[in-house]
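A.B. asks: First the structure, which I've put down as structure tokens, then a few questions once you've had a look.
The values are calculated or read from the model by the stated rules, or taken from the named source; none is laboratory data. Since we're looking at a predicted model, the values are computed, not measured. A quick note on method: Cβ atoms are made from the backbone with ideal geometry, for glycine too, and the neighbour counts reach across all protein chains shown. The area values use the complete protein model at the heavy-atom level, side chains included, leaving out ligands, DNA and RNA. Shrake-Rupley method; radii C 1.70, N 1.55, O 1.52, S 1.80 Å.
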Amino acid sequence: RLQGDWSSDVCSSDLTACANGGTLAAACLPAYDAPAFALEASGLAPLAPVLLLVGAAATSAPLGACTLLVGSPETVLLAADPLGNVRHALTIPDLPVLRGVPVFAQVASLTQGGSVALSLGLRLQIGD
């Protein structure tokens, strides 16, 4: 699993999103036609509904006590497993024009208390 900070060129996490939002990571480097590429979140409420947010732009928009970090996201509705984990495979087409393109991701989920929490943001850069 890949996690890092904003100084990483491939994968990084923003530490300002929201407490209790879980941890988001990439299963491997986002490369062309990488069959094992997936985003994984852990530390979520068991069986909680989860929205995976993925977009090509970053933002910093307040959302209650949290901060939305993905601009104009595409969303996927998922459910955490009984241990509070979720995994979603993503296909990256084998297109050289995607080299160096940034991808931003974040998860939103319901906490055990019923409030909405956002994970740290994840910034990825597509490579070979």
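A.B. asks: Work out, step by step, the length gained on full extension between residue 95 and residue 111: first 0.36 nm times the residue separation, then minus their alpha carbon distance; give nm to one decimal.
C.D. replies: Numbers: separation 16, 0.36 × 16 = 5.76 nm, distance 3.83 nm.
Gain in length upon complete extension: 1.9 nm.
A.B. asks: At 1.4 Å probe size, with every protein chain present, just tell me what the per residue accessible area of the range 42-103 comes to in Å².
C.D. replies: Numbers: 3650 Å² over 62 residues.
Accessible surface, normalised per residue, equals 59 Å².
A.B. asks: Could I have the simple spin-label model distance between residue 88 and residue 76, label points 7 Å from Cα toward Cβ, reported in nm to one decimal?
C.D. replies: 0.6 nm
A.B. asks: Could the peptides 83-89, 104-110, 72-78, 38-44 be put in order, highest first, of the mean number of other beta-carbon atoms found within 10 Å of their residues?
C.D. replies: Descending packing order for the listed peptides: 104-110, 38-44, 83-89, 72-78.
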